[in-house]
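Read-outs throughout are calculated quantities, based only on the coordinates presented, and are distinct from any laboratory measurement. All values reported here derive from a predicted model rather than from experimental measurement. All Cβ positions, even for glycine, are placed from backbone atoms using ideal geometry, and neighbour counts span all protein chains on display.
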Amino acid sequence: MSDYKADWLKAVESGEPWLVMVSEDWCGPCQQIKNYLKQLKAQGVNVHYTVLSTSSPYAEQLMKGNSAIPNWYIWQWNPDTESFKKLHNQVGSQNHKAIIDRYFVKVTK
């Protein structure tokens, strides 16, 4: 699993969207999303993401009693308010490629 605090600082410094996913190794849909994120990274797409175990205290704060996984969020740092704005929250892996692409893949023509 990821180093949440270090990833948080990278997201603040970069100003780019940041995907935070609550996952477990046994979760098939979680693995689909993680594999897609790794595939994008291998293609040179600048994807900031963090994967948290359900036992992480950060995951507990994010999920607020919701035990469904994958449970994932896309955040972006707002320097004006010095806080993160939630861009997207989703439970499950439906349309994960399209949603991730919307925030991370820069379309060039």
Item to check | Local electrostatic count at Gln76 - Lys and Arg +1, Asp and Glu -1, tallied over other residues with Cβ under 11 Å | outcome: +1
Checklist entry - Looking at the stretch 1-56 from every direction and averaging, what is the projected area of its Cα convex hull in nm²? => result 3.9
Checklist entry - Any idea how many Lys pairs in the chain come in under 16 angstrom at the alpha carbon, given 8 or more places apart or on separate chains? => result 8
Next on the checklist: Restricting to DSSP loop positions (anything but H, G, I, E, B) with no more than 15 other Cβ atoms inside 10 Å of their own Cβ, which trypsin sites (Lys or Arg not before Pro) remain in the stretch 1-108?
Outcome noted: Lys64, Lys106
Checklist entry - For P(r) over Cα pairs in 10 Å bins from 0, in percent, which listed value, [x] 12, 23, 19, 20, 20, 6; [y] 14, 49, 32, 4, 0; [z] 13, 41, 24, 9, 8, 4, 1, comes from the coordinates shown? => result [y]
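How large is the helix-only mean residue ellipticity at 222 nm for the chain, computed as the sum of -39500 (n - 2.57) over DSSP H runs with n ≥ 4, divided by its residue count, in deg cm²/dmol to the nearest 500?
Working: 4 runs with 42 residues, N = 109.
Calculated from helices alone, the mean residue ellipticity at 222 nm is -11500 deg cm²/dmol.
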Checklist entry - chymotrypsin sites (Phe, Trp or Tyr not before Pro), restricted to the stretch 1-50: which are DSSP loop and have at most 14 other Cβ atoms within 10 Å? => result Trp26
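What does the extension gain come out to for Asn35 and Val91, with contour length at 0.36 nm per residue minus their alpha carbon separation?
Details: separation 56, 0.36 × 56 = 20.16 nm, distance 1.71 nm.
Full extension of this stretch gives 18.4 nm more.
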Checklist entry - Roughly speaking, what is the stretch gain from Asp80 to Ser55, that is 0.36 nm per residue apart minus the C-alpha to C-alpha distance, in nm to one decimal? => result 5.8 nm
